[in-house]
Amino acid sequence: MTPPFRVVLVDDASDLRLLIGRLLERDGRFEVVGQAADGAEGIRAVGEHRPDLCLLDLSMPVMDGLEALPRILEQCPGTKVVILSGLDARQMERTALDLGAAGYLEKGRAFDRLADALVDIVTA
């Protein structure tokens, strides 16, 4: 895979989606092709856009990230899903990775290194 990496952002916080989208697009190695505010919308967006990468929040209304994760991977097995969560919980990380997530990153930690961390994950 070579850049730009196509990304779908799934998070119920629209301001955070906007911030992360701008950071990634400014980096130049990413193209945000879709966004969603909950897991159900995220499944549809991934199916429609077939991205290289999906950034998925855990805590959302309608359908949370842990419920959406296996459905996203089933629908689009080539998409790497990275959990981007505000929950600092090792058990949640282990559960997400066991369900097939390619990575687990905490929100608010080192946004300046987010793009590099995602490139490492998507090219692994």
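The values are calculated or read from the model by the stated rules, or taken from the named source; none is laboratory data. On a predicted model such as this, the values are computed, not experimentally measured, just so you know. Cβ placement follows ideal geometry from the backbone for every residue including glycine, while neighbour counts extend to all protein chains displayed.
Which residues, taken from the range 1-31, are farther than 22 Å from Arg71 by Cα and in a loop (DSSP other than H, G, I, E, B)?
Met1, Thr2, Pro3, Pro4, Gly28, Arg29
For the subset of the range 1-59 comprising residues that are among the hydroxyl-bearing types (Ser, Thr, Tyr) and over 20 Å from Ile72 (Cα atoms), which member is surrounded by the most Cβ atoms within 10 Å (Cβ to Cβ)?
Filtering the range 1-59 for residues among the hydroxyl-bearing types (Ser, Thr, Tyr) gives 2, 14, 59.
Cutting the leftovers down to over 20 Å from Ile72 (Cα atoms) gives us 2, 14.
Working: Thr2: 7, Ser14: 11.
Looking at the filtered set, the residue picked out is Ser14.
Consider Arg29 against the criteria (1) within 11 Å of the chain's Cα centre (by Cα); (2) in contact (Cβ under 8 Å) with a residue 24 or more places away in the chain: it satisfies all of them except one. Which criterion is unmet?
Just one mismatch for Arg29, condition (1).
Could you please let me know if Arg50 is over 14 Å from Arg6 (Cβ atoms) and charged (D, E, K, R)? Explain how you work it out, then say what you get.
Values: over 14 Å from Arg6 (Cβ atoms): no; charged (D, E, K, R): yes.
It is false that Arg50 is over 14 Å from Arg6 (Cβ atoms) and charged (D, E, K, R).
Restricting to the range 1-37, give me the number of residues that are acidic (Asp, Glu) and within 15 Å of Val81 (Cβ to Cβ).
So the first thing to find is which residues in the range 1-37 are acidic (Asp, Glu), and the list is 11-12, 15, 25, 27, 31.
Now narrow it down to the ones that are within 15 Å of Val81 (Cβ to Cβ): 11.
Here the count works out to 1.
Can you go through Asp12, Asp64, Asp27 and tell me which one is touching a Pro at 6+ places or on another chain (Cβ under 7 Å) and at pLDDT below 95? Write out each step before concluding.
On the way: Asp64 fails: touching a Pro at 6+ places or on another chain (Cβ under 7 Å); Asp27 fails: touching a Pro at 6+ places or on another chain (Cβ under 7 Å).
Just one listed residue meets the conditions, Asp12.
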